[in-house]
Amino acid sequence: MSMFKWDVVDPQPGEPVGPRQRLPWGKTVGVGAQHVVAMFGATFVFPIVMGLDPNLAIMFSGICTILFLLVTKNMVPSYLGTSASFVAGVAAIRAQGGDSSDVTGAILVSGLVLLAVGVLVHFAGSGMIHAILPPAVTGAVVMLIGFNLAPVVAQIYWPQDQWVALLTATFMVVAACLFPGFWSRIAVFLALIFGYLVSWLFDAVFGQINSVLGGATEATDHDRVSWAGVKAADWIGFPSGKLADGVDVVHGPSFSLTFILLVLPGVIALIAENTGHVKAVAEMTGEDLDPYMGRAIAADGGATALASLFGGSPTTTYAENIGVMGATKVYSTAAYYVAAIVAILLGLCPKFGAIVSATPGGVLGGITVVLYGMIGLVGAKIWVENRVDFGNPVNMVGLAAGIIAGIGGVTLKITDDFELSGIALGTILVIVYFHLVNIRGRHTDRTSGEVTKVL
């Protein structure tokens, strides 16, 4: 069967549609539109908080999704949206004086490392991942990545408008947990719209606010919602202009070993995400996708490197879109091609990007205070789902120092020009200390009482 030939089916609602099948094109476009909405919120929120261009991120999410589908031979239905795994590392780079080219250079190297890991997994099997990064280690690294972002919310976004931030966060929590079905899966997008409306209402009722805008050093009076950039933007064109730090939106990367080490821990999170997502899709579709595990990881790495090469954002497979498949039982990769094409077209609308870039700081404060906490708690979720036994000192003591070093921003100065700190140091300590005391490769699973091999 040709890679671009899908068997056309039109089953009753609730009956599954496989990856190599598709609904009639009209319905396929409808499902593809749902995937666009599902990925939309997080895909452009994370570029904003990383100081990169959301328009470019949206466009490359479409390009990279097509690349992913091609590499996995249309067997792994998934959308590549902007990854949150590098947000903490990017914040650390900027805190140390790095600009956007330093950010994309460090992420590009991480993408190449992920690509190499994918190639190794393809030929050696997925067992090697579990040997080096067992659930205890992976959970710890993901946790410190998320919780390391707490100061970004507290010091940058939340103070810009604390009441809008609080209302937006409250709405997002309610939407994600209490809204029915598909609506709960687009809680980030709905929270963004809600925050925008509240900010506009506050401008009309209370007037300007006095606060420190992102990137500024002193508080000024300003409108919460300013669309001056939206009015000046063109309707059609390639992403262009300057980022907040003066770097061109489309730019080449620059490389620094110090900055690269700050974002490399994000690779561990991406390995865990991709592995988990492929397994989830395999369970949903009933397909054996283990032979495509390495391809999926390598495709995500190559996509991240490609996007970063031009100043775009890192990518990852999106749980939001897997949720859409769970709700619709339509696993057709044809729908993902539709979603990717729509994303590319949105990326070619500068006015759309200007609207996204004008998101008030208070709105971002409300969204990120929830999202960053969720990233950290995903680490705990990995522990719970894999029944990591913290009655065993290998897990308790072996991970403790790395987590505190990563979240607390502990610094290890090696030379006058090189130091390890925060996430980079925390990740190294987690991996080294765990394997140092886990020499026998054994742990006790409290749920069974049996001694089992750490995979």
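The values are calculated or read from the model by the stated rules, or taken from the named source; none is laboratory data. Everything numeric here is computed off the predicted structure, so don't read it as measured data. Because the Cβ atoms are built from the backbone with ideal geometry, glycine has one as well, and the counts that use them run over all protein chains shown.
Under the condition of being of a type in the set (S, T, N, Q) and in a loop (DSSP other than H, G, I, E, B), which residue from the stretch 202-247 is nearest to G105 (Cα to Cα)? That would be S240. For W25, work out the one condition from (1) in contact (Cβ under 8 Å) with a residue 40 or more places away in the chain; (2) surrounded by fewer than 24 Cβ atoms within 10 Å (Cβ to Cβ); (3) closer than 18 Å to V330 by Cβ; (4) aromatic (F, W, Y) it doesn't fulfil. Of everything listed in (1) in contact (Cβ under 8 Å) with a residue 40 or more places away in the chain; (2) surrounded by fewer than 24 Cβ atoms within 10 Å (Cβ to Cβ); (3) closer than 18 Å to V330 by Cβ; (4) aromatic (F, W, Y), W25 misses just condition (1).
Go through the stretch 371-399 and give me each residue that's surrounded by fewer than 19 Cβ atoms within 10 Å (Cβ to Cβ), within 25 Å of the chain's Cα centre (by Cα) and among the aliphatic types (A, V, I, L, M). Correct list: M374, L377, A380, V384. In the stretch 384-408, the residues that are under 19 Å from I439 (Cβ atoms) form Cβ pairs under 8 Å with partners that are part of a loop (DSSP other than H, G, I, E, B) and among the polar types (S, T, N, Q), at six or more places apart or across chains, as follows: V394/N438; G398/N438.
For the residues I355, I322, the requirement of being more than 23 Å from V281 (Cα to Cα), in the same structural domain as L112 (by TED's automatic domain parsing) and either surrounded by fewer than 24 Cβ atoms within 10 Å (Cβ to Cβ) or not acidic (D, E) (or both) singles out I355. Within the option set G32, G98, G105, being farther than 30 Å from A154 by Cα, outside the structural domain of L425 (by TED's automatic domain parsing), buried (at least 18 other Cβ atoms within 10 Å of the Cβ) and not aliphatic (A, V, I, L, M) holds for one residue only, G32. Could you check, for the stretch 145-167, whether at least one of its residues is loosely packed, with under 14 Cβ neighbours inside 10 Å, at pLDDT 85 or above and either farther than 26 Å from F202 by Cα or among the β-branched types (V, I, T) (or both)? Within the stretch 145-167, not a single residue is loosely packed, with under 14 Cβ neighbours inside 10 Å, at pLDDT 85 or above and either farther than 26 Å from F202 by Cα or among the β-branched types (V, I, T) (or both). Listed by first and then second residue, the pairs linking a residue in the stretch 217-228 that is in the same structural domain as P159 (by TED's automatic domain parsing) and more than 17 Å from A358 (Cα to Cα) to a residue that is at pLDDT 80 or above and not small (G, A, S), with Cβ atoms under 6 Å apart and 6 or more places separating them unless they lie on different chains, are A219/N210. Residues considered: L114, L108, L56. Of these, the only one that is closer than 24 Å to G347 by Cα, of a type outside the set (V, I, T), assigned to a helix (DSSP H, G or I) and touching a Ser or Thr at 6+ places or on another chain (Cβ under 7 Å) is L108.
Just so you know, in the stretch 106-144 the residues that are among the hydroxyl-bearing types (S, T, Y) and closer than 26 Å to R387 by Cα include one that is modelled with the highest pLDDT, and it is T138.
Okay, residues lined up against (1) modelled with pLDDT under 85; (2) within 16 Å of the chain's Cα centre (by Cα):
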{"residue": "M3", "(1), (2)": "yes, no"}
{"residue": "W6", "(1), (2)": "no, no"}
{"residue": "Q12", "(1), (2)": "yes, no"}
{"residue": "A38", "(1), (2)": "yes, yes"}
{"residue": "L52", "(1), (2)": "no, yes"}
{"residue": "V76", "(1), (2)": "no, no"}
{"residue": "T82", "(1), (2)": "no, yes"}
{"residue": "A88", "(1), (2)": "yes, yes"}
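Would you confirm, using the coordinates I've provided, whether G51 is surrounded by fewer than 21 Cβ atoms within 10 Å (Cβ to Cβ), farther than 30 Å from D99 by Cβ, assigned by TED's automatic domain parsing to the domain that holds W235 and not acidic (D, E)? Here the answer is no, as G51 does not meet what is asked. All told, E287 falls short of being among the acidic types (D, E) and free of Cβ contacts under 8 Å to residues at least 40 places away in the same chain. Selection of the stretch 76-105 for residues being of a type outside the set (A, V, I, L, M, F, W, C) and part of a strand (DSSP E or B) yields G81, T82. Does F40 satisfy being buried (at least 24 other Cβ atoms within 10 Å of the Cβ), in a helix (DSSP H, G or I) and in the same structural domain as I375 (by TED's automatic domain parsing)? No. Could you check, for the stretch 175-187, whether at least one of its residues is in contact with an Asp or Glu (Cβ under 6 Å, 6 or more places away or on another chain) and at pLDDT 85 or above? No, because not a single residue in the stretch 175-187 is in contact with an Asp or Glu (Cβ under 6 Å, 6 or more places away or on another chain) and at pLDDT 85 or above.
Regarding the stretch 158-181, can at least one residue be identified that is over 30 Å from Q34 (Cβ atoms), in the same structural domain as V356 (by TED's automatic domain parsing) and not in a helix (DSSP H, G or I)? Yes, the stretch 158-181 contains a residue that is over 30 Å from Q34 (Cβ atoms), in the same structural domain as V356 (by TED's automatic domain parsing) and not in a helix (DSSP H, G or I). Out of curiosity, is A269 buried (at least 21 other Cβ atoms within 10 Å of the Cβ) and either modelled with pLDDT under 85 or in contact with a helix residue (DSSP H, G or I) (Cβ under 6 Å, 6 or more places away or on another chain) (or both)? So A269 fits the description; yes.
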